[in-house]
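These notes concern the structure reproduced below.
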Amino acid sequence: MQDAMRRHDVLLRTAIAAHDGFVFKTIGDAFCAAFARPEDAVAAILDAQRAFGAEDFSQVDGLRVRVAVHTGTADERDGDYFGPALNRVARLLAIAHGGQVLVSGVTTDLVQGALPSQASLRDLGEHRLRDLARPEQVYQLLAPDLIADFPPLRSLNTSSNNLPLQLTTFVGRESVIADIAALIEEHRLVTLVGAGGVGKTRLSLQVAANLLDGSGDGVWFVELAPLSSGDYIPSTVAKAVGVTLASEGDSVENLVRALKAKNALLVLDNCEHLVEPAARATSAILHGTPKVKVLASSRQGLGLAGEATYQVPSLGLPGKDEPHTSVIDVLRYESVALFIERARAASTTFSLTGENAPIVAEICRRLDGIPLAIELAAARVKVLGAKQLRDRLDERFRVLTGGSRDVLPRQQTLRALIDWSHDLLDERERTLFRRLGIFVNGFTLEGAVAVGSGDDLDELDVFDILASLVDKSLVLAEPLGDAVRYRLLESTRAYAAEKLDAASERDLLATRHLRHLRDRFVELRERFDQTARISDLDAALQTDLEDVRSALDGALASSRLVDGAELLVNVDRSWRAIGVEGEGVVRCEAYLAALPGDQQRLRAGLSTVLSYLLGDSGQMVRGFELAMRAVEYARSGDDAPSLAGALVRYAYMATHLHRFDDADLALVEAEAIPRTSANLRIQVLVVKALSSQIRGDLELAARMQDQLRQMHRSLGNARAERSAAASCAEIEHARGQTRRAIAIVRETLPAARSSGDTNTLGLLLVNSAGYLVALDDLPAALAAARETIAIRASSEPDHVHIAVALENLALVFALRDDYSRAATLEGYADAAVGRHGLKREFTETTTHDHLTALLHDKLAPDDLARLTAEGAALTPEAAMALALPEDEPA
């Protein structure tokens, strides 16, 4: 190998030198080279790869060299280069394979038309690199003598993660990242501690990105800062990881069950305001999930056994007594490098010179190297020169110059900087800034107008002042689709909230905030009712979830109760769409208990929503009772739209329970109510299709469900379209077209899986298990039933889908002559179906009848009665363990 590496070095240096390149650094066997022209770099590496290919490296089992080429501006000092371009090419190199040459998009643009003979560039698409900054368009160099085909690039695109894109590059801290990564290797819980603004979040994201290697179940970033209560930690973690929690039982225990089989890293960010509940949840996760690790960030440790805390240092600082008179002197410090990069982003005319270098060094030193403080200060170079900026810091931080600065809380340093930024605002800017502190997790321009405008600020004032606050880096503007969404950094939001309290505006702004959300969801709900397009409503709750939570929490025990109930009614069933239906159930129940008796319309609306949430999760009897109560409330309130909606929901639930006469009467009454909405008309068709299907008019049911499927597709309601497809498959099976039913399921499954729609996915799978048994495809039926159970087992073990899946498995076992186990599982499934109030439809009835006939034929009556009784007494977990023993092959 030593001989091979010496030959490697010779070949590489020869090719680089032949094209006027300069090797400015080697790191182990890696060469870092700079060229005056990008086409020279490409030609050099093509020559080098051809030379490697012609060389005999068989004694070391071959030698494949990976290469990345990028073009950008760099800072040079002492014969070395620094800056974002260097970081970018290193990240590009990290995703390549041995023998592969990757070229960045900017380099590709520059070398078009100047490539060596017979060479070309293959577009590999856009890839996210581990610097978490903007994606890179990546190309591969092709030539006759080069390897052409490689596995997928090892970018963030191919690794399981939800790490957010960062708008700025990560500067420095290589040794800190290495230290933290080493701690994570040794400890299952590592907590980054330090002052607000010291960069814990960005550091944890970069560490997490570096640890992604494509193995295991990925890395998942969980933002806790917007949460107002520790009660929301389990559902927030579950949402980030993509698992579903049960609506009943202890949420932390449900989370542990959902994560039990995962091999993942959880990044819990901003735990400081929820230390105790975050510690409880983390402890439960670590004790209950053997392969999950946690990287937390907080201003204090979580205080758990086995926790490794890492004090995040400030960025490297110029020493107070050291001379810093030149650009080279100050650029070696991370804090200065960060200031320079952010200042250049704020003002293209800014540059570091021999004159301002010592001033910049002093600014970074006065800001204690805190990244957020430096970024806020650097943004001011648009309006202040470096000397003016330093002088402003002198005025503002006079209190920080006396005594030992090491003993001052870091929070005071950040507060002092925000104080300074706040003092630079005029009175109107201060007014809007503090009012924006009422938002928990960002806002739109319309939201800023709704809470910020009044007698002292009109709508146009808010627009102009908001733009000014964005320019001054006190508000961040981030693209969201075709629109822009705004937010305050967590520290600045807390500061604004304090100013709000000091101005005695908290109650006024809480009312404005709630009514803004209420009006927004009322408008979206009305649009949904008229157009039947539900996607906007779901997306709005996804975006505004933390603000909706905050508003509903604050309104429940206040004079804003009715407005809160109005918001909750118009959020409708979107809790289910975003995977927190359990929370929707709890909130509806709490508001129903708190609303005064004269609020019949709101009681009707909440009961209808609650019936949807419970019925969709398989709680048929309770869902029916709530639908019946909703009708009573709507009649008492003399509200026609509420009554129409409640009647249709009642008809749907009654149909499921085979109360057809009640359902028919309710539909007749609902359809007689004038000016029913498009959404309601679709729901009426859903009920009629279901009724036709259950009553056996399969031709009519098929036509109706196909009509519904086409309607939902045209409206873009993907989830509803999948539900209609599941109904179509059921009808085809009942008509004897079982293979067609399976085809519909297989056609629909990919979208259900990718969307995270666990309810429809479970329905499709459990039904297909019944179809496959009917075709005597027992291995496939077994797999489908087991996947159904896997979807629900950790979050909702008593879900009706699991009961039906276990009955399917019982039939498979009976057909394989395992009658005792089949009888026990049938006893459990039959009891569970009865407990949920489910009326078996065609597929379930066929399975049940086939199973019971086999058991009666093969088992003595006393044995059958004993085994089914034992099964009925099992817990869901015990029944699943009996059906899915760990040592049993598929």
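Specify the residue that is modelled with the lowest pLDDT; the eligible residues are those in segment 460-481 that are in a loop (DSSP other than H, G, I, E, B) and at negative phi.
Once the filter is applied, the top-ranked residue is 472.
Out of all the residues in segment 312-345, which are open to solvent by less than 40 Å² (accessible area, probe 1.4 Å), at pLDDT 80 or above and outside any loop (DSSP other than H, G, I, E, B)?
Selection gives 335, 336, 337, 338, 339, 340, 342, 343.
Pull out all pairs, ordered by first then second residue, where Cβ-Cβ is under 7 Å, the residues are six or more apart or on different chains, the first lies in segment 847-864 and is at negative phi and surrounded by 15 or more Cβ atoms within 10 Å (Cβ to Cβ), and the second is assigned to a loop (DSSP other than H, G, I, E, B) and modelled with pLDDT under 95.
848/840
Output the number of the condition that residue 118 fails; it satisfies all remaining conditions of (1) within 31 Å of the chain's Cα centre (by Cα); (2) in contact (Cβ under 8 Å) with a residue 24 or more places away in the chain.
It fails just one condition, (1).
From (1) within 20 Å of residue 82 (Cα to Cα); (2) in contact (Cβ under 8 Å) with a residue 60 or more places away in the chain, pick out the condition that doesn't hold for residue 42.
(1)
Return a yes/no flag: does segment 807-824 have any residue that is hydrophobic (A, V, I, L, M, F, W, C) and under 24 Å from residue 657 (Cα atoms).
Looking through segment 807-824, none of the residues is hydrophobic (A, V, I, L, M, F, W, C) and under 24 Å from residue 657 (Cα atoms).
Quick check: anything in segment 645-655 more than 33 Å from the chain's Cα centre (by Cα) and touching a residue at least 60 places away in the same chain (Cβ under 8 Å)?
No, segment 645-655 contains no residue that is more than 33 Å from the chain's Cα centre (by Cα) and touching a residue at least 60 places away in the same chain (Cβ under 8 Å).
Taking interchain pairs and intrachain pairs at least six residues apart, which have beta carbon atoms under 8 angstrom, with the first residue in segment 343-356 and closer than 24 Å to residue 468 by Cα and the second in a loop (DSSP other than H, G, I, E, B) and open to solvent by less than 50 Å² (accessible area, probe 1.4 Å)?
That search, which allows pairs on different chains as well, returns 343/350; 344/350.
Among the numbered criteria (1) assigned to a helix (DSSP H, G or I); (2) open to solvent by 40 Å² or more (accessible area, probe 1.4 Å); (3) in contact (Cβ under 8 Å) with a residue 40 or more places away in the chain; (4) closer than 28 Å to residue 634 by Cβ, which one does residue 533 miss?
(1)
Looking at segment 536-585, which of its residues are open to solvent by 20 Å² or more (accessible area, probe 1.4 Å), closer than 13 Å to residue 520 by Cα and of a type in the set (D, E, K, R)?
Listed by number, the residues that qualify are 536, 538, 563, 566.
For segment 691-711, state whether one or more residues are over 33 Å from the mean Cα position of the chain (by Cα), more than 17 Å from residue 681 (Cβ to Cβ) and not in a helix (DSSP H, G or I).
yes
For segment 828-846, enumerate the residues that are at pLDDT below 90, over 36 Å from the mean Cα position of the chain (by Cα) and open to solvent by 60 Å² or more (accessible area, probe 1.4 Å).
Selection gives 839, 842.
If you take the residues of segment 23-57 that are open to solvent by 80 Å² or more (accessible area, probe 1.4 Å) and at pLDDT 90 or above, which of them is nearest to residue 76 (Cα to Cα)?
Among those that are open to solvent by 80 Å² or more (accessible area, probe 1.4 Å) and at pLDDT 90 or above, it is 36.
Hey, could you check segment 129-142 for residues that are buried (at least 18 other Cβ atoms within 10 Å of the Cβ) and among the hydrophobic types (A, V, I, L, M, F, W, C) and say which is modelled with the lowest pLDDT?
Here the answer is 133.
Run down 457, 508 and say which single residue is of a type outside the set (Val, Ile, Thr), at negative phi, outside any helix (DSSP H, G or I) and over 31 Å from the mean Cα position of the chain (by Cα).
Exactly one of 457, 508 is of a type outside the set (Val, Ile, Thr), at negative phi, outside any helix (DSSP H, G or I) and over 31 Å from the mean Cα position of the chain (by Cα), namely 457.
In segment 625-652, what residues are under 16 Å from residue 670 (Cβ atoms) and either open to solvent by less than 10 Å² (accessible area, probe 1.4 Å) or of a type in the set (Lys, Arg) (or both)?
627, 630, 634, 635, 644, 646, 647, 648, 649, 651
What residue, of 309, 236, is assigned to a strand (DSSP E or B), in contact with a strand residue (DSSP E or B) (Cβ under 9 Å, 6 or more places away or on another chain) and either under 27 Å from residue 759 (Cα atoms) or open to solvent by 30 Å² or more (accessible area, probe 1.4 Å) (or both)? Walk me through it before giving the result.
Details: 236 fails: assigned to a strand (DSSP E or B).
From the options 309, 236, the qualifying one is 309.
Can you name the residue in segment 511-527 that is touching a Gly at 6+ places or on another chain (Cβ under 9 Å) and closer than 13 Å to residue 571 by Cβ and is also most open to solvent (accessible area, probe 1.4 Å) among such residues?
Taking the candidates together, the pick is 520.
Just for segment 83-108: of the residues that are outside any loop (DSSP other than H, G, I, E, B) and touching a helix residue (DSSP H, G or I) at 6+ places or on another chain (Cβ under 8 Å), which one is farthest from residue 352 (Cα to Cα)?
101
Condition first: farther than 22 Å from residue 77 by Cα, open to solvent by less than 50 Å² (accessible area, probe 1.4 Å) and in a helix (DSSP H, G or I). Now tell me which residues in segment 364-384 satisfy that.
Listed by number, the residues that qualify are 371, 372, 373, 374, 376, 377, 378, 379, 380, 381.
For a quick check of your reading of the model, give me the residue pairs whose first member lies in segment 90-108 and is on the phi < 0 side of the Ramachandran plot, whose second is open to solvent by less than 10 Å² (accessible area, probe 1.4 Å) and in a helix (DSSP H, G or I), with beta-carbon atoms closer than 7 Å and at least 6 apart or on different chains.
Once the first residue is on the phi < 0 side of the Ramachandran plot and sits in segment 90-108, its partners that are open to solvent by less than 10 Å² (accessible area, probe 1.4 Å) and in a helix (DSSP H, G or I) give 102/92; 103/42; 104/92.
Quickly run through segment 184-201 and pick out the residues that are out of contact with any Lys or Arg (no Cβ under 6 Å at 6 or more places or on another chain) and open to solvent by 40 Å² or more (accessible area, probe 1.4 Å).
185, 186, 187, 201, listed by residue number.
Could you tell me which of the residues 50, 64 is basic (Lys, Arg) and part of a helix (DSSP H, G or I)? Walk me through it before giving the result.
On the way: 64 fails: part of a helix (DSSP H, G or I).
The match here is 50.
For (1) out of contact with any helix residue (DSSP H, G or I) (no Cβ under 6 Å at 6 or more places or on another chain); (2) farther than 18 Å from residue 781 by Cβ; (3) open to solvent by 20 Å² or more (accessible area, probe 1.4 Å); (4) not acidic (Asp, Glu), each residue gets a yes or a no:
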site	(1), (2), (3), (4)
692	no, yes, no, yes
699	yes, yes, yes, no
706	yes, yes, yes, no
710	yes, yes, yes, yes
720	no, yes, yes, yes
726	no, no, no, yes
738	no, no, no, yes
742	no, no, no, yes
755	yes, yes, yes, yes
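Out of 611, 636, 607, 642, which single residue is of a type in the set (S, T, N, Q), over 25 Å from residue 520 (Cβ atoms) and part of a helix (DSSP H, G or I)?
Of the residues listed, the single one that is of a type in the set (S, T, N, Q), over 25 Å from residue 520 (Cβ atoms) and part of a helix (DSSP H, G or I) is 636.
Sort through 89, 65, 60 and tell me the only one that's modelled with pLDDT of 85 or more, over 30 Å from residue 265 (Cβ atoms) and open to solvent by less than 60 Å² (accessible area, probe 1.4 Å).
None of the other options fit; the residue is 65.
Would you be able to say whether some residue in segment 657-676 is under 16 Å from residue 620 (Cα atoms), β-branched (Val, Ile, Thr) and free of Cβ contacts under 8 Å to residues at least 40 places away in the same chain?
Taking segment 657-676 first, the residues under 16 Å from residue 620 (Cα atoms) are 657-660, 662-663.
Adding the requirement that they be β-branched (Val, Ile, Thr) leaves none.
No, because not a single residue in segment 657-676 is under 16 Å from residue 620 (Cα atoms), β-branched (Val, Ile, Thr) and free of Cβ contacts under 8 Å to residues at least 40 places away in the same chain.
The values are calculated or read from the model by the stated rules, or taken from the named source; none is laboratory data. Every value quoted in this text rests on a predicted model; they were computed, and no experiment measured them. With ideal geometry, Cβ positions are generated from the backbone for all residues, glycine too; neighbour counts draw on all protein chains shown. With ligands, DNA and RNA removed, areas are computed over all heavy atoms of the protein, side chains included. Shrake-Rupley method; radii C 1.70, N 1.55, O 1.52, S 1.80 Å.
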